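*Asks:* What follows is a single structure, and I will ask about it in a moment.
Just so you know, all these numbers are worked out from the coordinates, no wet-lab data involved. In this text, all values refer to a predicted model and were calculated from it rather than measured experimentally.
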């Protein structure tokens, strides 16, 4: 049995959700919180991954690893610098003997058997994923430990700063929800007034309900 862990390297990662890939392999995919519609509390679903830009710029620690310190010297992270940090992290893993699939852009996750479903105004082509593999659970535990160490050395703070300027803002999410509601109603879907919970649930099914990702 091959054990696989899909590593989400976009911002605001949360816990894992277990499942199988149809070949007996166990997969773990990072999941996140669905941003709240206006007036609601966040609702959580294991099949949706979304991120929200922080209200204030992240405060960097004084003891940044040397590699990340060089990238973050100007306080900004370009896509090229983000990509560079991704590659350095994956190289670190392979140098430690970890079997890694990727990295690949989040928009290409389906080609690698990924089931991550992202809604909203988020450009998946600007974020990366990679998978950790091992024939044993013990091997995966070791791979995850190596992943944490390599991320800490080459990636964690680069990711945080990069995501801060590339994740949707609250205003962009509010606009997306407004356009989604308009599209749903145009397709004959009843959206109860002042019911953000139902709107959140409908958002996870927006494609099958006739509304494309951009909800125009």
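*Asks:* Given a cut-off of under 8 Å on Cα pairs at least six residues apart, what relative contact order in percent is computed for the range 66-169?
*Replies:* On the way: 105 pairs, mean separation 42.0, N = 104.
Worked out over the range 66-169, it gives 40 percent.
*Asks:* Let me make sure I get this right: for the range 54-173, a, b and c are the square roots of the gyration tensor eigenvalues over alpha carbons, sorted descending. Under 1.5 in a/c it's rounded, otherwise prolate if a/b > b/c, else oblate. Which is it? Display every interim value, and only then the final one.
*Replies:* Numbers: a/c = 2.12, a/b = 1.20, b/c = 1.77.
Oblate, since a/c reaches 1.5 and b/c is not below a/b.
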